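One structure is given below, encoded as structure tokens.
Please treat every number below as a calculation from the coordinates, not as lab data. The structure presented is a predicted model; accordingly, all values stated were derived computationally and were not measured. Here Cβ is always computed from backbone atoms with ideal geometry, including for glycine, and neighbour counts include all displayed protein chains.
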Amino acid sequence: MARITIDPITRLEGHGKIDIFLNDQGRVENTYFQIPELRGFEQFCVGRMAEEMPVITNRICGVCPEAHHLAATKALDGVFGAEPTSVAKKLRELLYMAFFVTDHTTHFYALGGPDFIVGPDAPPSERNILGVARKVGLEVAGSVIACRKRNHEIITFLGGRSIHPVAGVPGGWSRAITTEERTQIEAAARKNIAFAQFTLTTFENIVLKNPVYLDLVTSDIYLHRTYSMGTVDTGNQTNFYDGMIRVVDPEGNEFVKYNPSEYREHIAERVEAWTYLKYPYLKKVGWKGLNDGIESGIYSATPLSRLNVSEGMATPLANAEYQRMYETFGCKKITAARYEPIHHRLATHWARLIELLYASERMLELALDPEITSPETRNIPDPARFVGVGIGSVEAPRGTLTHHYETDKRGVLTKVNMIVGTTNNYAPMSMSIKRAAEKLITSNAPDEAILNRVEMAFRLYDPCLSCATHFLPGKMPLTVSIRDSQGDLLREMRRQG
Amino acid sequence: MKDSGTVIIGMGNRLLSDDGVGFAVAVAVAERLKHHMDVTVTELHTGGIRLMEAMAGFKRAVVVDAMLSGAHPGTVRRFDPRDFVTTKNTFSSHDTDFATAYDLGRMAGVPLPEQVSFWGVEAREFDLFGERFTDEVAAALPVAVDLIVAEITEWEGVA
């Protein structure tokens, strides 16, 4: 069996690699995407007071500390049996919307967008945010920086600290906002909406109106008919902060809807000897290997899958864009507001922009909520209601994030478990890499094309495994080695990061 | 946003053993200099655009990070942005490398420092949760602090 190794992470950035095995006919037999893990997290946490978790877990990942902070805080609500006040939930969600706006904006302009806006086969030195600015207009560089700045300011005063928020406490939020701060948030939200609309227009003009790019988005190179997962509110519409977990099958029928605290009944993790990271799958469907289809328990938890489970979007502008995307793909409506799922993975980039618009609109709704400046930000936990078990869940930008803590009766942690956003997508990501390999390995495509398509397979999932590992390739040094069935090197391709 | 002074950016995760050395060095440097000049310490976990933003508005910036270059653990090295070698956390997998982020900042009219230096301390243990440094890195900490204090003092022209 021939073996191809893609080792995208040099010693400088950590480790992790892709092995592609070819059979004797030179076709792809299997793909192994290995991810190492950080060691000792559970041991580090056990024995600590549970209330430390929101400030410990927000350091697991430098990219989405806000997601970990909120999932941890929600888990503490459960541990201490303390239901947050109404305004506390809104303040948490408000911080989270500001975070989503910066995160999705950054991904599009720095990572996802360059593939389309600059072009999938442009040299890597141009396929970055600078190339986007040269193509779209230099002022977009300033707009991206300004967007990040205004939302980071809000995250800092809402969260009590920049980068690593500290305001989440069991039963609520440790500070209220002033009327001046509310005014600042409202103004920022309005600018966010305008910028999200500009971004969607750019995507339409440059990608959707270009037949070559539209073909790429709608091509089957990264098509996988998996189950879709996402958090929904009581109206079965996408919500990033709170709700039930809804899963639809590849045809779009609701498979299950469950409370996040029941995750163990629905999600199992497949252990493979060759990787530290486990593959989560739907327990009641079962593990059928790295295959898609209704018989395989593989699911996706991405912006696209969140839209696939949602009965339209809860805000008007985002809902109009939602409809446009599904209509473009020719999907039929299967309920009054929802369409057949889209399984073309490159559409995840489009879905991410629809979510960007939704987060901006939701931020404005919360800023205009008459209750938002209420000082009633916390219910002090009642010792008589102490539970000792808590499961908190939010939609991280890159997938459903679950924190599960158990403590003794003093509140000292005895067990910690997490399923992080990207981990949900480990199996689909592996399948997309395999698909890219199948299409390109035997086609005598030039090195650049193979490297680009493998990178695009990663990038559409917005992987951030700093939670479970250090680094995954966004743009980084990449080495692809192709070996024959004797293991001898046939060809090696390199790209510096 | 400030338009003067020196920012010392300690990069890395304080909960991942030697990865916390950047922040520890930054704090110790500021402690030595704070009575003599305008210094600000910033803790940063990821690089890329965040790193560029963290130095916006300062006249000078020093970035301290763990590195995994294959050198002996505890080795301290200075990098110039011009021949910039990526240290452990200055790259962001979520957006871009520092060089691209710096150019982006220039393009967007962000006020960026006149002087920037990067310091790396070779780590031994970087994927194990813990709040202690390995012996080699603990020993390197005062060495790095002395070197960085000397550089900033020279920049500032303060005796």
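Sort the protein assembly as shown into rounded, prolate or oblate with this rule: let a ≥ b ≥ c be the square roots of the eigenvalues of the Cα gyration tensor; rounded if a/c is under 1.5, and if a/c is not under 1.5, prolate when a/b is larger than b/c, oblate otherwise. Rounded shape, in that the Cα axes give a/c under 1.5.
Each peptide among A:353-363, A:136-146, A:203-213, A:74-84 gets the average number of other Cβ atoms lying within 10 Å of its residues, and from highest to lowest they stand as A:353-363, A:74-84, A:136-146, A:203-213.
Converting the Cα gyration tensor eigenvalues of the stretch A:317-399 into ellipsoid dimensions via √(5λ) gives semi-axes, longest first, of 36, 19, 12 Å. Largest first and in whole Å, the equivalent-ellipsoid semi-axes of chain B read 23, 19, 13, each the square root of five times a Cα gyration tensor eigenvalue. Mean residue ellipticity, 222 nm, helices only, the protein assembly as shown: the sum of -39500 (n - 2.57) across DSSP H runs of n ≥ 4, divided by residue count and rounded to 500, is -11500 deg cm²/dmol.
Of A:THR178, A:THR57, A:THR423, the sequence from fewest to most neighbouring Cβ atoms within 10 angstrom is A:THR178, A:THR423, A:THR57.
When you count the other C-beta atoms within 10 angstrom of each residue and take the mean per peptide, A:151-164, B:51-64, A:221-234 line up highest first as B:51-64, A:221-234, A:151-164. Using the Karplus relation 6.51 cos²θ - 1.76 cosθ + 1.60 with θ = phi - 60°, the per-residue 3J(HN,Hα) values for the stretch A:288-303 come to 10, x, 7, 10, 9, x, 5, 7, 9, x, 5, 10, 10, 10, 9, x Hz, with x marking Gly and Pro.
Take every Cα pair under 8 Å whose residues are at least 6 apart in sequence, average their separation, divide by the length of the stretch A:224-343, and the relative contact order is 29 percent.
Helices assigned as whole DSSP H runs in chain B whose Cα atoms extend at least 27 Å along their own long axis and whose mean Kyte-Doolittle hydropathy is -1.0 or higher are found at B:135-156. The mean number of Cβ atoms from other chains found within 10 Å of a Cβ in peptide B:11-20 is 3, as a whole number.
With a cut-off of 9 Å between beta carbons, the residues surrounding B:SER117 carry a summed charge of 0, where Lys and Arg count +1 and Asp and Glu -1.
The amide H of B:VAL116, built 1.01 Å from its N in the peptide plane, has B:ALA61 as neighbours under 5 Å, considering only residues 5 or more places off or on other chains.
Shielding by partners for peptide A:397-403, expressed as the average number of C-beta atoms from other protein chains within 10 Å of each residue's C-beta, is 0. Listed values for the stretch A:253-267 are Karplus-derived 3J(HN,Hα) couplings in whole Hz (6.51 cos²θ - 1.76 cosθ + 1.60, θ = phi - 60°), namely 6, 4, 8, 7, 9, 9, 6, x, 5, 9, 4, 5, 6, 10, 10, and x replaces Gly and Pro.
Sorted ascending by nearby beta carbons within 10 Å, beginning with the fewest, A:THR183, A:THR202 become A:THR183, A:THR202. Normalising the average separation of contacting C-alpha pairs (under 8 angstrom, six or more residues apart) by the number of residues puts the relative contact order of chain B at 32 percent. Couplings for the stretch A:184-198, taken from phi via the Karplus curve 6.51 cos²θ - 1.76 cosθ + 1.60 with θ = phi - 60°, read 4, 5, 4, 4, 5, 4, 5, 5, 4, 4, 4, 5, 5, 5, 4 Hz in order; Gly and Pro are left as x. For A:GLY230, the residues 5 or more places off, or on other chains, whose built amide H falls under 5 Å of its own are A:ARG246. Taking a Cβ cut-off of under 12 Å around A:GLU265, the surrounding Lys, Arg, Asp and Glu residues balance to a net charge of +2, with basic ones at +1 and acidic ones at -1.
A prolate overall shape is assigned to the stretch A:224-343, the ratio a/c of its alpha-carbon gyration tensor axes (a ≥ b ≥ c) being 1.5 or greater and a/b exceeding b/c. Other residues within the sphere of radius under 15 Å centred on the Cβ of A:ASP77, judged by their own Cβ, net out at 0 (K and R +1, D and E -1).
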